[in-house]
1. Cβ contacts < 9 Å: first residue within 14 Å of another protein chain (Cβ to nearest Cβ), restricted to the range B:53-70; second residue open to solvent by 50 Å² or more (accessible area, probe 1.4 Å) and near DNA strand E (Cβ under 8 Å from one of its atoms), any location; separation 6+ or different chain. Result?
2. Among the residues of the range A:90-106, count how many are among the β-branched types (Val, Ile, Thr) and open to solvent by 10 Å² or more (accessible area, probe 1.4 Å).
3. Pick from C:Asp154, C:Asp177: which is acidic (Asp, Glu) and either buried (at least 22 other Cβ atoms within 10 Å of the Cβ) or within 18 Å of C:His34 (Cα to Cα) (or both)?
4. Name the residue that is farthest from D:Leu104 (Cα to Cα), counting only residues in the range D:157-181 that are more than 14 Å from the chain's Cα centre (by Cα) and within 7 Å of another protein chain (Cβ to nearest Cβ).
5. Take the residues in the range B:1-31 that are within 14 Å of DNA strand E (Cβ to nearest atom) and within 14 Å of another protein chain (Cβ to nearest Cβ); name whichever of them is modelled with the lowest pLDDT.
6. Condition first: at pLDDT 90 or above and touching a Lys or Arg at 6+ places or on another chain (Cβ under 9 Å). Can you find one or more residues in the range B:139-149 that meet it?
7. Conditions: (1) among the charged types (D, E, K, R); (2) outside the structural domain of A:Met134 (by TED's automatic domain parsing); (3) more than 16 Å from DNA strand F (Cβ to nearest atom); (4) at pLDDT 85 or above. A:Arg100 meets all but one. Number of the miss?
8. Search the range B:107-133 for residues being away from chain A (no Cβ under 14 Å) and open to solvent by less than 20 Å² (accessible area, probe 1.4 Å), and hand back the single one that is modelled with the highest pLDDT.
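The values are calculated or read from the model by the stated rules, or taken from the named source; none is laboratory data. Keep in mind it's a predicted model, so treat the numbers as computed, not measured. For neighbour counting, all protein chains shown are included, and Cβ atoms are generated from backbone atoms with ideal geometry for every residue, glycine included. Please note that ligands, DNA and RNA were not included when accessible areas were found on the heavy atoms of the full protein model with its side chains. Shrake-Rupley method; radii C 1.70, N 1.55, O 1.52, S 1.80 Å.
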Number of protein chains: 4
Amino acid sequence: MSTAPSPVPARRRADAQRNRDRIIATAHLAFIRHGIGVPMEEIARGAEVGVGTLYRHFADREALLRAVIAAGLERLMTVSRQETDHATDPWGALCRFVRRCVELRLGGTLSALRPRMAQAMKEIAELADARQRMLELLDPLVRGAQERGQMRTDVSTGDMIILIGMLVRHECELTEDKEWITRRHVEIVLDGLRPGGGELPGPTVTLTDFHHD
Amino acid sequence: MSTAPSPVPARRRADAQRNRDRIIATAHLAFIRHGIGVPMEEIARGAEVGVGTLYRHFADREALLRAVIAAGLERLMTVSRQETDHATDPWGALCRFVRRCVELRLGGTLSALRPRMAQAMKEIAELADARQRMLELLDPLVRGAQERGQMRTDVSTGDMIILIGMLVRHECELTEDKEWITRRHVEIVLDGLRPGGGELPGPTVTLTDFHHD
Amino acid sequence: MSTAPSPVPARRRADAQRNRDRIIATAHLAFIRHGIGVPMEEIARGAEVGVGTLYRHFADREALLRAVIAAGLERLMTVSRQETDHATDPWGALCRFVRRCVELRLGGTLSALRPRMAQAMKEIAELADARQRMLELLDPLVRGAQERGQMRTDVSTGDMIILIGMLVRHECELTEDKEWITRRHVEIVLDGLRPGGGELPGPTVTLTDFHHD
Amino acid sequence: MSTAPSPVPARRRADAQRNRDRIIATAHLAFIRHGIGVPMEEIARGAEVGVGTLYRHFADREALLRAVIAAGLERLMTVSRQETDHATDPWGALCRFVRRCVELRLGGTLSALRPRMAQAMKEIAELADARQRMLELLDPLVRGAQERGQMRTDVSTGDMIILIGMLVRHECELTEDKEWITRRHVEIVLDGLRPGGGELPGPTVTLTDFHHD
DNA sequence: GATGAATGAGACTTCATTCAT
DNA sequence: TATGAATGAAGTCTCATTCAT
């Protein structure tokens, strides 16, 4: 078709990758905006590809959802390492990390997983993985902050992860022009984690508590 | 109209009312457990009535959802008045109220309304009403607690209502055997509302902020 | 409940009859206005009775439809005898009869029978009966008019009956404020039945042609 | 774009078009035979496609109905131009046109539109259009015939269109083996339009009378 | 690889009819 | 006898997924 030395074969890959990325980005927004049940065709339309293309990349809705989550977590981990590596101020690093999590807006997609899947959660390897990695990331910060008396000692890293989930979802309940409200509430929660609060009921949250939630 | 037994006239009505109640109760659970999209037939089956009966009582899924919410809010308001009437200890009353809200498990149904309806919310008169009534209920408590120095003064009753929403939904993300975790986090948030926290970004949440959220 | 010598028992029958009549009248209108498929409940509502009452009087939709038709035909036959008895002017009587048929507005209901029932027609005894009676009524008029040279001789009474059906349905296609149009077209058809027209294709319509239409 | 065979590019489109055509043809018959309420699935089955395909082509029953009508009117206009162009005998052309209308069997579908839509009619652009086009087509014929004394002068083109509607629907009331009856009655009506008839009541039908019928 | 038409299972909703009061 | 609540079959429509081009 063309006389130039075919630059096509390499391009193909690039196009496909670009499609894949656009689909994930579109799906992320669509899941947040219209719920986990958005018609696949709407996602395809948003990404400006045919449904067929969407299905070539992701076997079914579940697979797409997992990919969206994985992509989000990837971004989260990248970002968070920047915040936390070589932290000399563990409490400050913890705070920045929490604020970042909220800003990434993963909440909508993550909480979309809830219905019917309390247990299906476990089957999504990416999630368990991410929690594990997040635990490893946060644990030194939590301990460090507690040792320095910057943080109450009756909460665990497990509590932190669940609280982050709460804030992240909270953000997604608000319309875009009201996001500033979440920022206030993030700070309130962080203040609640400072030493000097009242007694907390029950034991701290541990890794094993994640097995069923 | 009279106190006499009068057994005959109101009979069938009673059956119908019982059905209506069972449908609402079943739907409440179903919405929480399987999401807002549960097949209507499953709800009907759970309530042990035919689909037709369900539809005689509620014109469509939306109507049922609204009824479930209205019923929940009714319970909430009843309960909350018990907690807050004649309160001599505003902060204590506020805390008990928050804990109660969480225990009532309205969160699942309420947050089920989110997708596609950030603004449709307004059209659900019951919700706007309830927020207004809640505001009126809480405002004296918040002010009272703040006047006595029991609560930070840079949060408003509007913030409180949104925070309650957050906790209430948080509770519903957890499986039944992990509810105790929420109780811990409720206390952390309450601690964060005590005086002495860091500065909060943005203005306090006011009534007008509800118009779009 | 009352002190007067109970006038109730006799009233009951009267009430029931009144209900029956109201149902038929309402159904007649409803069939014409909303088609043969109107919800039974709508008919009941229009007649201001419960569905149950409707079903006590008429076993099912079909039965109601037949009753409506029978009532209409009854009125038609009554009226038409007034027009045609002792007629000394057969053509004039025929014309008056045709105009009356149209005015009675049976068309909607009659034509409602069409779909799916080309043959079911035969099963509705009332219809076959009525056609037979109409035939007996009109035959002398047609023959009389033809003998006097007032009417073309290449049409039969069978043609007349079918033409009347056409005009009667025609009337029902027009909205109420356009009924006057039908009156014009009735006259055009009657003019077309006068002697002197062009040749007509096919044989005249006979009784046996009704068996399948 | 080119006259060359170009076998590849338009292929699937052809299949889709074939499906669309078959659906319309099947629906036309089904509407006539079983009424406007035929199950969509039956139409799909008749056209040998899945329901989904039917719905991909036509958003709902209404849309399908409109398409059927549009297709019918298209055929009608094509055919009628053949009859009427360059007519040197206006009355003869008018007669041939009327006979053609009846033969095309559009009546069933057109009259299926009646219930509940006396006014909705206007919203079906195709219908209003067609009436307008038909008016323009017939008007010269009517005037020509009247000027030559071949047609009574107290009827208008508006009357003609409504009469055609009557005959067209009339044809559809009869079973297939009785179609010959309509042909007789068409001639009777045409004879009634000849000069010399009795006086007609009311004014002639004008364009403005269509606005509400 | 991309496309979008076709498919059919399944959810939603309506209504004719029954039945307990 | 009248009532209207309950039932469930049947029809409409949507959408995930497949597949021919």
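1. B:Arg61/B:Gly37
2. Going through the range A:90-106 one residue at a time, the tally reaches 1.
3. Step by step, each of C:Asp154, C:Asp177 is checked, and only C:Asp177 is acidic (Asp, Glu) and either buried (at least 22 other Cβ atoms within 10 Å of the Cβ) or within 18 Å of C:His34 (Cα to Cα) (or both).
4. D:Asp159
5. Ranking the candidates gives B:Arg12 first.
6. yes
7. The number of the failed condition is (2).
8. It comes out as B:Ala130.
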